[in-house]
Structures are given as structure tokens and as C-alpha cells.
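A.B. asks: Dumping the structure here so I can ask a few things about it.
The values are calculated or read from the model by the stated rules, or taken from the named source; none is laboratory data. Quantities reported herein were computed from a predicted structural model and do not represent experimental measurements. Heads up, the Cβs are rebuilt from the backbone with ideal geometry, glycines too, and the neighbour counts pull from every protein chain shown.
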Amino acid sequence: MNSPQAAQQPPNCEVLLVDDDENVVMVIGDYLQGKGFRVVRATSGQMALELLPAHPDIKIAVLDFDMPVMNGMALLERINLLKKESGLKMQVLFLTAQNSSILALNLLRKQVFFYMSKPVNLHQLVEALQDAYRELDRPPEPSVMSQVSD
């Protein structure tokens, strides 16, 4: 018999995990794999972009905010561009050591599904991933601006 947690596990959910700290990628990646997620690991924004075409089943990206060369915000903009150009359906979650309400607001404006401060609560991260996966199948709600212009 399956446990309640196993019943909540999204089927065939592939997650892109991007952090420049290899230890973070290893610990979080191993934990997520233990929970049944398929994890594609990258230690830079550029590596993540190179991995995306080879992994079309990625539905969720977990990005570190502070990374050298291409930070998480720059990677998010590239992912959003890919989503717009190709119709890619992907939720994005951010991990950051910065605990700032201004950052949180900026991330929400950029269509980030969830943001979490480091150190990461792994149980909470799994719950956020499950929520993000469920949201992929929900139809988009009309924005206030589209209602005003009609």
C-alpha cells in the first residue's frame, strides 16, 4: 500500500536543479530523488540552458539566485523567453540566501511560482514542488488588466 506522501508524488516529474554550490546540488538532488523526482543537475545557468533541450520533460526548475556569470534572474529571463517562444510549460522556484521582501516581490512579478530562503527546509521544498506540478494543469486565470480592457 502506498503512503500518503507517495500518493501526492507527481508522476514522471522531472526537475531542473541549478546551484553553483555542488554540495547544495548533491544534497537537495539526492533528497528529491529519494522522494521520487527525476532530477537534472546543473552548477551554472549556462549549463542549465545547455541541458534543457536534452530534457523536454522538465516541468519545474529550482534556481539559485546568486550564481556567478549568469545569476538566477538572468536564467529566469532566458527560461521565460523559451516558454514564450516554444510554449514550454514550466514552473520556476527560487532558492536564495537573501531574505528580502523587495526580492520576493520582484520574483513574483517575473512569474516565479515560489521562493524559499536558504537554508532550505527540504520537506517544504517537496511540498512546493508538488504544488507547482499541480498548478501546471490549471487553466490560467484572467488578469485584472485583461478584464479592464474588455
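A.B. asks: Does the range 57-81 hold any residues that are more than 21 Å from ASP21 (Cβ to Cβ) and in contact with an Asp or Glu (Cβ under 9 Å, 6 or more places away or on another chain), and which are they?
C.D. replies: Hits for the range 57-81 are ASP57, LYS59.
A.B. asks: Quick one: which residue in VAL24, VAL62, VAL18, VAL40 is touching a residue at least 40 places away in the same chain (Cβ under 8 Å), touching a Leu at 6+ places or on another chain (Cβ under 6 Å) and farther than 21 Å from ASP137 by Cα?
C.D. replies: None of the others qualify; the one that does is VAL18.
A.B. asks: Out of the residues in the range 7-23 meeting the condition of being among the hydrophobic types (A, V, I, L, M, F, W, C) and either closer than 16 Å to LYS83 by Cα or surrounded by 19 or more Cβ atoms within 10 Å (Cβ to Cβ) (or both), tell me which one is modelled with the lowest pLDDT.
C.D. replies: Ranking the qualifying residues of the range 7-23, first place goes to CYS13.
A.B. asks: For the range 91-117, which residues satisfy the criterion of being touching a residue at least 40 places away in the same chain (Cβ under 8 Å) and out of contact with any helix residue (DSSP H, G or I) (no Cβ under 6 Å at 6 or more places or on another chain)?
C.D. replies: Answer for the range 91-117, where residues must be touching a residue at least 40 places away in the same chain (Cβ under 8 Å) and out of contact with any helix residue (DSSP H, G or I) (no Cβ under 6 Å at 6 or more places or on another chain): just LEU95.
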